[in-house]
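One structure is given here, and the rest of the page talks about it.
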Amino acid sequence: MLVLEAADHACAALLEQAGPQTLASPPSAAEAIEVVGWLVRRLAVPASAGTYSLAEATHAWEDQWDQQVAAPDRLPMRAITRARHTIRELATDTTATMLCGDLHFRNILNSSRETG
């Protein structure tokens, strides 16, 4: 999206209008993954001073994960183990890059102005 105007002091931005198309129904999974990879590279920016680190965030994630998997309708043990391993691996990451915690195919809008 094109940022038309921003007011950092107010944490506000005026953005271009986007169409309803998302990557939730892409022509192919390979194309969707390519677009997401391109977008992630564009969004990777150095973290601002005072931003908490990924390692700091993962402590809460692991606690939340433990509460979620205690439910009776929990996921298969293989999925639980893989997710816990990923959380612990992220806890060792020292990269100082901002991440989007809610990036998925339904949150990526189509743009005819840009291509990956």
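The values are calculated or read from the model by the stated rules, or taken from the named source; none is laboratory data. Everything numeric here is computed off the predicted structure, so don't read it as measured data. Cβ sites come from the backbone with ideal geometry, for glycine too, and all protein chains shown count toward neighbours.
When you scan the stretch 62-116, how many residues do you find that are more than 14 Å from the chain's Cα centre (by Cα), exposed (fewer than 11 other Cβ atoms within 10 Å of the Cβ), assigned to a loop (DSSP other than H, G, I, E, B) and modelled with pLDDT of 70 or more? Adding up the residues that qualify gives 6.
Can you confirm whether L23 is surrounded by 11 or more Cβ atoms within 10 Å (Cβ to Cβ) and at pLDDT below 80? Here the answer is yes, as L23 does meet what is asked. Give me the pairs, please: first residue somewhere in the stretch 26-55 and closer than 23 Å to I87 by Cβ and assigned by TED's automatic domain parsing to the domain that holds T92, second residue anywhere and modelled with pLDDT of 80 or more and part of a loop (DSSP other than H, G, I, E, B), beta-carbon distance under 6 Å, and either six or more positions apart or on two chains. Every condition considered, the pairs that remain are L54/D93; A55/A91.
Take the conditions (1) modelled with pLDDT of 80 or more; (2) over 20 Å from I108 (Cβ atoms); Y52 misses just one of them, which is (1). Going through (1) at pLDDT 80 or above; (2) under 15 Å from the mean Cα position of the chain (by Cα); (3) more than 24 Å from R88 (Cβ to Cβ) one by one, L43 falls short only on (1).
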